[in-house]
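Take a look at the structure below.
The values are calculated or read from the model by the stated rules, or taken from the named source; none is laboratory data. Note that this is a predicted model, so its numbers are computed, not measured. Backbone-built Cβ (ideal geometry, glycine too); neighbour counts: all protein chains shown. Note: accessible area is taken over every heavy atom of the protein model, side chains too, but ligands, DNA and RNA are not part of it. Shrake-Rupley method; radii C 1.70, N 1.55, O 1.52, S 1.80 Å.
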Amino acid sequence: GLNWPQADGSPDQVLKTDGAGQLSFVDQSGGGGSRPVVYSVNADTTIGADTTILSTELERVYIVDSSAALRTMTLPQITGDVGNGYRLNIKRDGGNNVNITPNAADNIDGGTDGASISLTVDKAAFTLVCDGTNWQII
């Protein structure tokens, strides 16, 4: 059976088991997930080359102002820093296309390594998820 704690826990504490039936109140650790980091860009941008990708920051949103010219978003190379589960959201905001280009050794949705995809409609967006080897459109 379960052995319940003799006193109430403090606010925001959770129940924890020791695996042998003893329950206790503890402060919650971990969980909660991260919020996306939103960037507004109005120039060609290399993602990752000038950005440290933290393990708590797996989702990035780029709103790309393409009103003045075609814009190119270059994806980070898939390495130990950019791995399984890393997610990018790229949205076009303007009258010109936004090209999304992977590293020469990576591909998007099984395409040719290094081949770009394009957002050809204003307000269109792609969500890309790294599967640890390449980028997948979801």
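When I78 is tested against (1) among the β-branched types (V, I, T); (2) within 25 Å of N42 (Cβ to Cβ); (3) within 14 Å of the chain's Cα centre (by Cα); (4) assigned to a loop (DSSP other than H, G, I, E, B), just one condition goes unmet, and that condition is (2). Would you check which residues across segment 105-125 are closer than 15 Å to K91 by Cα and open to solvent by less than 60 Å² (accessible area, probe 1.4 Å) and list them? Residues satisfying the conditions are I117, S118, L119, A124. A Cβ distance below 7 Å, combined with a sequence gap of six or more or placement on separate chains, defines the contacts here; from segment 1-25, residues that are in contact (Cβ under 8 Å) with a residue 12 or more places away in the chain and among the aliphatic types (A, V, I, L, M) reach residues that are part of a loop (DSSP other than H, G, I, E, B) and open to solvent by less than 80 Å² (accessible area, probe 1.4 Å) in the pairs L2/G21; L23/P5.
Among the residues making up segment 81-104, those that are within 11 Å of V41 (Cβ to Cβ) and open to solvent by 30 Å² or more (accessible area, probe 1.4 Å) are K91, D93.
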